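Visitor: Can you read through this structure? Questions will come right after.
Values in this text are rule-based calculations from the coordinates and carry no lab data. What you see is a predicted model; the values in this text were computed from it and never measured. Cβ atoms come from the backbone with ideal geometry, glycine included; neighbour counts cover every protein chain shown.
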Amino acid sequence: MIAVDLIAWLQPIGLDGDLAKAEPKRLRYRILHTTARLVRGQRRRWLRIPVTWTWAEQITAPFNRKSLF
């Protein structure tokens, strides 16, 4: 139930475009199955998403915004 609630709130708050209206199956394929690397450097942790991934821009857009509201 927690996972369903997280996905339900992620869509209107954090996603734009077609992912904000997508079904859970499409979200799993596009977001949760992303091949990414968690790397450490400069005393921080970075999530490296390949730029060749088709939906890389849609995944990183919410993090690049100044505020969510």
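Visitor: For residue 31 paired with residue 54, estimate the spin-label separation in nm (one decimal), with each label point 7 Å from Cα along the Cα-to-Cβ line.
Guide: Going by the 7 Å Cα→Cβ label model, 1.8 nm.
Visitor: What FRET efficiency would be calculated for the residue pair residue 39, residue 63, taking the C-beta separation as r and a Förster radius of 25 Å, to the nearest 0.05?
Guide: 0.95
Visitor: What value, in deg cm²/dmol to 500, does the helix sum -39500 (n - 2.57) over DSSP H runs of n ≥ 4 give at 222 nm once divided by the residues of the chain?
Guide: The helix-only estimate for the chain comes to -10500 deg cm²/dmol at 222 nm.
Visitor: Rounded, prolate or oblate: which fits the chain, taking a ≥ b ≥ c as square roots of the Cα gyration tensor eigenvalues, rounded meaning a/c under 1.5, else prolate when a/b beats b/c?
Guide: Prolate shape, in that a/c is at least 1.5 and a/b is the bigger ratio.
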